[in-house]
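The values are calculated or read from the model by the stated rules, or taken from the named source; none is laboratory data. Bear in mind that the values here come from a model prediction, so they are computed numbers and not experimental data. When we count neighbours, we look across all protein chains shown, and the Cβ atoms used for this are built from the backbone with ideal geometry, even at glycine. Ligands, DNA and RNA are excluded from the accessible area calculation, which covers all protein heavy atoms including side chains. Shrake-Rupley method; radii C 1.70, N 1.55, O 1.52, S 1.80 Å.
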Amino acid sequence: MSKRISTFFQPLPSKKLKPSATTTAESSSSSSTTVLPTYTHHPSYPIPIRDPPSTIAAPLLSNPAPQPPKSIANHPHLDLLYFQPFLPTSLARELFQFLRNELPFYRVRYTIRRGGKETNINTPRYTTVFGVDDTSTFVADSNPTTSSSPNSTVQDTTTENLPDAPHQLLSPANSPILVDSKTRTPLTENNKPRYRCRPRPIPPCLDVLRQAVEKATDDGTRYNFVLVNYYATGDDSISYHSDDERFLGQNPTIASLSLGTGRDFLLKHKPVTTTDIDGAVANAAAKPLKFPLKSGDMLIMRGETQSNWLHSVPKRKGLQGNAGALGRINITFRKAVVPGGTENYYRYNVGDGEVYRWKDEEGRMVATD
């Protein structure tokens, strides 16, 4: 298995980034050399995705948090870890620009039924997602030229959507395929389909960040999904909700990292009934908590938080997503335990619509062919 792809599945190194684990094509020569960016391509990706340069990967793997998090548990059913910040300013800025430039995004539209009527929903932000639930996992294809898995590939030389500048496209013949977590049996078209969607392995540029987040808490928490939201302007938002779906298991832990323009993150206790005589709970339900998240800040919600609290990112007029005002990227790390989580995340964060890419020359997201 390729050393670069194997970083998808290896635990976080305990100290500095080792040369064998790097995801860049940088030379170790002492002389001046040209560094060519490398790209990961997988059949489930709509485009090849650039690997993180060492200026991003190395500090992430060396525990970047400049100070310990603040524990917030002074309200009923609330359990938060608040990193102010999790990433230093320069690293947060570089990571924001890198992810906005390199990831594929979607503006998902879907239909729901409310009161017996169908309602069309246009997602008020750009989204993308990678990962798969606990019942499945990605492993290297041991026989790529003969495998019938829909997620396998031979040496792929796709060059569409790659820059004109010199680069390397690294798409190993043993590209990871999707298998059952227990039996390691490939989930091929010959078997009963487990998913209607097509799960995608977490690319190196997000996987190195996932490892850093897991290491920062050091409490055994593991994540198998990475959701990315891009809020282009202050009109992009997300309404009050809680991530308490059954497919996340009981008392899920969700880590939320902010990059780019600061936005308010609101938390309010779920409504209490008139029979509730707990004054502390009633008081917590009356007024939302506001966290003015800045670039590099991370908030981790744990314990009973999702069961009892709602959170949102409200609209903020006047914020623009151009070169002068960055827009905001929010990255959340989660652990889905059953296939329903995989189906849900891909339906509402990828869907079947067109792919959007950031265009520097236009200062906005643009739909691609």
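Tell me, please, whether a residue that is open to solvent by 30 Å² or more (accessible area, probe 1.4 Å), at pLDDT below 80 and among the hydrophobic types (A, V, I, L, M, F, W, C) can be found in the range 143-159. Write out each step before concluding.
Restricting attention to the range 143-159, the residues satisfying the condition of being open to solvent by 30 Å² or more (accessible area, probe 1.4 Å) are 143, 145-148, 150, 154-159.
With the extra rule that they be at pLDDT below 80, the set shrinks to 143, 145-148, 150, 154-159.
So of that shortlist, the ones also among the hydrophobic types (A, V, I, L, M, F, W, C) come out as 154.
Taking every residue of the range 143-159 in turn, at least one turns out to be open to solvent by 30 Å² or more (accessible area, probe 1.4 Å), at pLDDT below 80 and among the hydrophobic types (A, V, I, L, M, F, W, C).
Regarding the range 69-85, can at least one residue be identified that is polar (S, T, N, Q), in contact with a helix residue (DSSP H, G or I) (Cβ under 6 Å, 6 or more places away or on another chain), part of a strand (DSSP E or B) and modelled with pLDDT of 95 or more?
No, the conditions are met nowhere in the range 69-85.
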### Message
Quick check on my filter: what residues within the range 30-44 are part of a loop (DSSP other than H, G, I, E, B) and open to solvent by less than 10 Å² (accessible area, probe 1.4 Å)?
### Response
42
### Message
Would you confirm, using the coordinates I've provided, whether residue 271 is open to solvent by 40 Å² or more (accessible area, probe 1.4 Å), in contact with a helix residue (DSSP H, G or I) (Cβ under 7 Å, 6 or more places away or on another chain) and modelled with pLDDT of 75 or more?
### Response
yes
#### Entry: Test result for residue 125, in contact (Cβ under 8 Å) with a residue 24 or more places away in the chain and open to solvent by 30 Å² or more (accessible area, probe 1.4 Å)
yes
